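The values are calculated or read from the model by the stated rules, or taken from the named source; none is laboratory data. Quick caveat: nothing in here was measured; it's all calculated off a predicted structure. Heads up, the Cβs are rebuilt from the backbone with ideal geometry, glycines too, and the neighbour counts pull from every protein chain shown.
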Amino acid sequence: MKELSRMIQSLPESGIRKLQDAAREVPDCIRLETGEPNFITPEYICEAAKKAMDDGFTKYTPVPGIKTLREALAKDFTERLGKEVKISEIVVTGGACMALEAALGSIGNPGDEVLVPDPSWPVYEMQVMSLGMTPVPYVMPAANGFEPKRENIEPFITDKTKAIMVNTPSNPTGAVFSEETVRMIMELAEKYDLYVISDEIYDFLIYEGKHCSLKALDKDGRVILISGASKKYAMTGWRIGYLIASEKIIALVNQMMVAMMGNATAVAQKAVEAAITGPQDFVGFSIKDYKARRDAAAAIFQEEQVGFSYPHGAFYMMVDISCCGMDSEEFALKLLAEEHVGVAPGGTFGKSTSQMIRISCGTEMDNLCEGVRRLCRFIKKYT
Ligand code: PLP
C-alpha cells in the first residue's frame, strides 16, 4: 500500500500521553501527570444538558455556535477585557485544542514560522507542524520566573515569522505574565507585524497578581484569544472551547470549522451557556481549593529542600531534577516504577525544562501530598 502521512509520522510524541498510558497500567498509582481538574462538572451544568436533550436540542447548530452562548460569551469577555467583544467575533469550537488549530490554520501557510514558548503545552508544536509550518522555540527562563524577556524573542523573528503563541497563566510553569511582559510581546508583534495566538484558558486561576490579557491590548485585530470551559468549569470531557478574533479572521475560522467539525456539540453548548450565565460559586470554591493544594505541596518541597517553581496561576508546578543525573523521561518512568507516582517529563514541554518534571495539583489534597512526599524521597535517593 502507499505510504501513510509523512507529516503526521514526523510529529513528536507527547510525553504526557506516554506517561498517562504507562501510569494507567500501575493499579495504585498517584496520578500527578495529567492536567485535568479532579472535580466533576457541577450539577446545574449537567441539568442544563439533560434539559437540552429532553427538549430535542440534538441537531446541527450554526457553525460558529448557538447565538445565546455567543451572547453570554460576548458579555463575559466584554466585561473582563474592558473592551467590546461582538458575537460576530466569537466561534465556539471542539475544545480550546480545536480553537488553537483553527487559529493557526486561518493565519498561516506552509513554510511560515511560528514562535512557540519553551516550555509550553506540547500540542502547540504538534499543531504548528501538522499545518506544514515551522515551530521556532523562544525560551521563558526559569531565572526570570518563566517569563520571556525581549532578548528571548526578538532575535528569533525572521521574514518568515507569521505569529507568536503565548500562554498566560502558563502550562506547565504556572507563570502569570506581568503587564510589562505582555506589553513587550504586543510591542514586538506590532513592530514585526505578527499575529498573536494567546491561550488564556487558565485566566480564572490566579493566586497572586492579576491576569493581563493580550487581547485587551489589541489595537488592530492581530490577537486571537483562545479559551474554553474545560478547566474553569471542570468540563474537560464536554469539549467546548472558544476563539475570539477580528471578523476577518473569524470568516476563515468558520471555514475551518466547516471542514473539521461543522459545529461544536449542541447539548454541550447549552451546558456551557448555563455554566457561564449561572452561579459562579463553584469557580470561587475550586480556586481556593487549588490554592490550598499548591501551598501544601510547596510546604513539602520547602521542608524537604527540593527545588521547585512557585506558581502564581494555573494548577501546575515544575520540580528540579537536575541533581539526579537522568533525563526527565527516564526519571518519570523510574519514579513510576519505584514509587508509583505519575509525573510529566519536563523535556516534553521544551528543551529548557529537560532537567525538570511537571506535577499537576488537579488531584485531591491527600493524594497530592502523598505523591509529593514520594517524589521528594525519590529525588533524594538519586541525588
Ligand atoms: N491550552 C492549554 C494551555 C492547556 O493546558 C490545555 C489542556 O491541558 C488546553 C489548551 C486544551 O483545552 P481543551 O480541553 O479546551 O481542549
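Which one of the conditions (1) in contact with a helix residue (DSSP H, G or I) (Cβ under 8 Å, 6 or more places away or on another chain); (2) away from the ligand (no atom under 16 Å from the Cβ); (3) outside the structural domain of Gly221 (by TED's automatic domain parsing) does Asp21 fail to meet, given that it meets all the rest?
So the condition that Asp21 fails would be (1).
Go through the residues of segment 106-123 one by one and say whether even a single one is within 16 Å of the ligand (Cβ to nearest atom), of a type outside the set (A, V, I, L, M, F, W, C) and more than 30 Å from Tyr192 (Cβ to Cβ).
Taking every residue of segment 106-123 in turn, none turns out to be within 16 Å of the ligand (Cβ to nearest atom), of a type outside the set (A, V, I, L, M, F, W, C) and more than 30 Å from Tyr192 (Cβ to Cβ).
Here is a list: Val223, Val182, Val139. Which entry is under 19 Å from Leu104 (Cα atoms) and not aromatic (Phe, Trp, Tyr)?
The unique qualifying residue is Val223.
Quick test of your reading of the structure: Glu33 fulfils all but one of (1) in contact (Cβ under 8 Å) with a residue 24 or more places away in the chain; (2) more than 24 Å from Arg293 (Cβ to Cβ). Name the failing condition by number.
Every listed condition holds for Glu33 apart from (2).
Which members of segment 303-318 meet the condition of being surrounded by 23 or more Cβ atoms within 10 Å (Cβ to Cβ), touching a helix residue (DSSP H, G or I) at 6+ places or on another chain (Cβ under 9 Å) and under 18 Å from Ser354 (Cα atoms)?
Matches in segment 303-318: Met317, Met318.
Scan Glu179, Glu101 and give me the residue that is closer than 19 Å to Ser227 by Cβ, acidic (Asp, Glu) and not assigned by TED's automatic domain parsing to the domain that holds Ser309.
Glu101
Can you pull out every residue in segment 143-175 that is more than 13 Å from the ligand (Cβ to nearest atom), buried (at least 19 other Cβ atoms within 10 Å of the Cβ) and among the small types (Gly, Ala, Ser)?
Once the filter is applied, which keeps residues that are more than 13 Å from the ligand (Cβ to nearest atom), buried (at least 19 other Cβ atoms within 10 Å of the Cβ) and among the small types (Gly, Ala, Ser), segment 143-175 yields only Ala163.
Of the residues that make up segment 324-335, is at least one buried (at least 24 other Cβ atoms within 10 Å of the Cβ) and at positive phi?
Within segment 324-335, not a single residue is buried (at least 24 other Cβ atoms within 10 Å of the Cβ) and at positive phi.
Might you let me know whether segment 73-85 holds any residue that is buried (at least 22 other Cβ atoms within 10 Å of the Cβ) and within 13 Å of the ligand (Cβ to nearest atom)?
Within segment 73-85, none of the residues are buried (at least 22 other Cβ atoms within 10 Å of the Cβ) and within 13 Å of the ligand (Cβ to nearest atom).
Would you check which residues across segment 320-337 are in contact with a Gly (Cβ under 7 Å, 6 or more places away or on another chain) and not small (Gly, Ala, Ser) and list them?
Asp320, Asp327, Glu329, Leu336
Pick from Ala229, Ala216, Ala234: which is in the same structural domain as Asp76 (by TED's automatic domain parsing) and on the phi > 0 side of the Ramachandran plot?
Ala234
Scan segment 186-195 and give yes if some residue there is assigned by TED's automatic domain parsing to the domain that holds Val63, within 16 Å of the ligand (Cβ to nearest atom) and either modelled with pLDDT of 95 or more or surrounded by fewer than 24 Cβ atoms within 10 Å (Cβ to Cβ) (or both), otherwise no.
No, that holds for no residue.
Among the numbered criteria (1) in a helix (DSSP H, G or I); (2) over 20 Å from Ser246 (Cβ atoms), which single criterion is violated by Leu100?
(2)
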